[in-house]
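Student: Attaching a single structure in C-alpha cells format; questions to follow.
The values are calculated or read from the model by the stated rules, or taken from the named source; none is laboratory data. Computed from a prediction, not measured in an experiment: that's the story for all the values here. Positions of Cβ are generated from backbone atoms using ideal geometry, with glycine treated the same way; all protein chains shown enter the neighbour counts. These area figures cover heavy atoms from the full protein model, side chains too; ligands, DNA and RNA do not enter into them. Shrake-Rupley method; radii C 1.70, N 1.55, O 1.52, S 1.80 Å.
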Amino acid sequence: MKIIAYGIRDDERPYLEEWSQDQGIEVKAVSELLDESTVDLAKGYDGAVVYQQKPYTADVLDRLAANGVTNLSLRNVGVDNVDADAVKRNGFKVTNVPAYSPEAIAEFTVTQLMRLLRRTPTFDRKQAKGDLRWAPDIADELHTMTVGIVATGRIGRAAMKIYQGFGAKVIAYDVFHNPELEKQGIYVDTLDELYAQADVISLHAPATKENHNMLNDESFGKMKDGVWILNPARGALIDTDALIRALDSGKVAGAALDVYEDEVGIFNADFGSFDAIPDERLKNLMKRENVLVSPHIAFYTRTAVKNMVQFALNNNKQLIETGKAENEVAF
Ligand code: NAD
C-alpha cells in the first residue's frame, strides 16, 4: 500500500513520518497542494490525503481518478470545496476528520474572551509606551456573567465546560438538543431568548444557508448593551458591516474573531506590513483595542495537527483496505 499526502506543511511532517513508521506503510509527502500541476504525482498510489482551502475542481478530480486514485481523505472537517458531481461520476470514496480536537478551539475562544474582559490588549499597548496606570481600563469578571452558546456540538460543549469551570452561568441554543445537556436545563427555545439574556455570545455553529449572517443589525438590536461576541466558527455567521456599526455604537463591547467572511486568501498569508493587508474592513476591526482578530488559528495546536494528519491517514488506509471508512462523507 502506498499513500500520497498533498500540501504537507513542516509542522505536519513529523506526525506523518511517525505514522508511516508505526504502520510500515509508505507515505509520500508533497508540500504542494493538489491541483492541475501536481495531480499526476499521484500515479501509482492507492490513496491521497489532502487539506486545502482552494477548490478540488472537477478537472483535478477527473484526472486523479484517471490516475487510478479514488480514495481521498481530507485532513479537515469541511468538504464544501470538493466538486460533488466529479466525486459521484468517478466513484470517489471521501473521508474527513470530523473532530481532531474540539478543546483546541474551545480553549482558544475562552483565552480570547479573558483577554478582552481583563483588557490585557490595552494594558500591553499602554505598557509598551511606558504607561503603567490602571484607569480607565477597569475589567470585568466572567463568573458574574451569562454566556450564551450558539450550537452545542463538540466545540460548543467543550467551551461550555470551560465557561462553567470559571463559574459563569451558561445558556445555549441549538436546533438539536443534546440529551445530556437537556437534563441540565441549559437550553433556551429561541435565539431571541439567548440574545436577550447573554452577556457573552459564543458562536459554535457551522455555516448553513439558514444561519448566513445570523448576527446582523436586527439581532444585535435584540442583545444586551455591552455584549461580548466570540466567533471561532465561520465568518459567514456575522454580517461584518453590522458588527462594525454595533462596535461603533457601543452595543457590542468587544469581539474576538478567529474567522472572517472574506478570509480566504488573506488568513495564513504574510503581507509584509499591516498597511499592505488588502482588506479595509478587516483592518478597521484589527485596529480596535476591543476587537481581537486572529487568522483562523484556534485549531492550530500540536494535538490537533497530529490528529488531523494521523486520523486522515487511518481513514485512507481503511478505505484502501476495506473500501469503507467510519468517517466517509456522503455526497
Ligand atoms: P459539530 O458538528 O460537533 O456541532 C455542530 C452543532 O451545530 C450541532 O449540534 C448542530 O445541531 C448545530 N447547528 C447546526 N446548525 C445550527 C443553527 N443554524 N443554529 C444552531 N445550531 C446549529 O461541530 P463542531 O466540531 O462543534 O464545530 C462547530 C464549528 O466550528 C464548525 O462547523 C466550524 O465552522 C468551526 N470550526 C472552527 C475551527 C477554527 O479553527 N476556528 C476549527 C474547527 C471547526
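Student: State all residues of region 231-253 that are open to solvent by 30 Å² or more (accessible area, probe 1.4 Å) and closer than 14 Å to residue 281 by Cα; if no residue qualifies, say none.
Tutor: Answer for region 231-253, where residues must be open to solvent by 30 Å² or more (accessible area, probe 1.4 Å) and closer than 14 Å to residue 281 by Cα: 239, 241, 245, 248.
Student: Tally up the residues in region 254-300 that are surrounded by 15 or more Cβ atoms within 10 Å (Cβ to Cβ) and among the aromatic types (Phe, Trp, Tyr), please.
Tutor: Adding up the residues that qualify gives 4.
Student: Can you pull out the residues in region 220-235 that are in contact with a Leu (Cβ under 7 Å, 6 or more places away or on another chain) and either among the hydroxyl-bearing types (Ser, Thr, Tyr) or within 9 Å of the ligand (Cβ to nearest atom) (or both)?
Tutor: 231, 233
Student: May I ask you to verify whether residue 252 is modelled with pLDDT of 95 or more, away from the ligand (no atom under 12 Å from the Cβ) and of a type in the set (A, V, I, L, M, F, W, C)?
Tutor: Yes, satisfied.
Student: Using the structure shown, decide if residue 175 is assigned by TED's automatic domain parsing to the domain that holds residue 245 and more than 20 Å from residue 258 (Cβ to Cβ). Don't jump to the end; show me each part of the working.
Tutor: On the way: assigned by TED's automatic domain parsing to the domain that holds residue 245: yes; more than 20 Å from residue 258 (Cβ to Cβ): yes.
It is true that residue 175 is assigned by TED's automatic domain parsing to the domain that holds residue 245 and more than 20 Å from residue 258 (Cβ to Cβ).
Student: So, one more: From 277, 244, 238, grab the single residue that is in contact (Cβ under 8 Å) with a residue 12 or more places away in the chain, in the same structural domain as residue 118 (by TED's automatic domain parsing) and away from the ligand (no atom under 16 Å from the Cβ).
Tutor: Details: 277 fails: in contact (Cβ under 8 Å) with a residue 12 or more places away in the chain; 238 fails: away from the ligand (no atom under 16 Å from the Cβ).
The match here is 244.
Student: Follow-up question, since we're still on this one. Of the residues 306, 283, which single one is under 22 Å from the mean Cα position of the chain (by Cα), away from the ligand (no atom under 16 Å from the Cβ) and assigned to a helix (DSSP H, G or I)? Give the steps one after another, and end with the answer.
Tutor: Numbers: 306 fails: away from the ligand (no atom under 16 Å from the Cβ).
Answer to the check: 283.
Student: Here's something else I'd like to know. Of the residues 195, 173, 187, 163, which is of a type in the set (Ser, Thr, Tyr), open to solvent by 40 Å² or more (accessible area, probe 1.4 Å) and within 16 Å of the ligand (Cβ to nearest atom)? I'd like the intermediate steps shown before the answer.
Tutor: Working: 195 fails: open to solvent by 40 Å² or more (accessible area, probe 1.4 Å); 187 fails: open to solvent by 40 Å² or more (accessible area, probe 1.4 Å); 163 fails: open to solvent by 40 Å² or more (accessible area, probe 1.4 Å).
The conditions single out 173.
Student: Name the residues in region 115-158 that are of a type in the set (Gly, Ala, Ser), surrounded by 13 or more Cβ atoms within 10 Å (Cβ to Cβ) and more than 22 Å from residue 287 (Cβ to Cβ), would you? Lay out the reasoning, then the answer.
Tutor: Taking region 115-158 as the starting set, the residues that turn out to be of a type in the set (Gly, Ala, Ser) are 128, 130, 135, 139, 148, 151, 153, 156, 158.
Imposing the further condition that a residue be surrounded by 13 or more Cβ atoms within 10 Å (Cβ to Cβ) reduces the set to 139, 148, 151, 153, 156, 158.
Across region 115-158, the qualifying residues are 148, 151, 153, 156, 158.
Student: Mind checking which residues of region 42-69 are in a helix (DSSP H, G or I) and either modelled with pLDDT under 95 or open to solvent by 20 Å² or more (accessible area, probe 1.4 Å) (or both)?
Tutor: Passing the criteria: 58, 59, 62, 63, 65, 66.
Student: Quick check on my filter: what residues within region 88-112 are of a type outside the set (D, E, K, R), touching a Leu at 6+ places or on another chain (Cβ under 7 Å) and more than 16 Å from the ligand (Cβ to nearest atom)?
Tutor: Within region 88-112, 90, 92, 94 meet the criteria.
Student: Going through region 247-265 one residue at a time, which ones are touching a residue at least 12 places away in the same chain (Cβ under 8 Å) and more than 21 Å from residue 289 (Cβ to Cβ)?
Tutor: Here is the first cut: in region 247-265, the residues touching a residue at least 12 places away in the same chain (Cβ under 8 Å) are 247, 250-264.
Once the filter is applied, which keeps residues that are touching a residue at least 12 places away in the same chain (Cβ under 8 Å) and more than 21 Å from residue 289 (Cβ to Cβ), region 247-265 yields 261, 262, 263, 264.
Student: State which residue pairs qualify: first residue within 18 Å of residue 228 (Cβ to Cβ) and inside region 168-196, second residue away from the ligand (no atom under 12 Å from the Cβ) and of a type in the set (Phe, Trp, Tyr) in any location, beta carbons under 6 Å apart, and separation of 6 or more residues or different chains.
Tutor: From residues that are within 18 Å of residue 228 (Cβ to Cβ), the pairs are 170/163.
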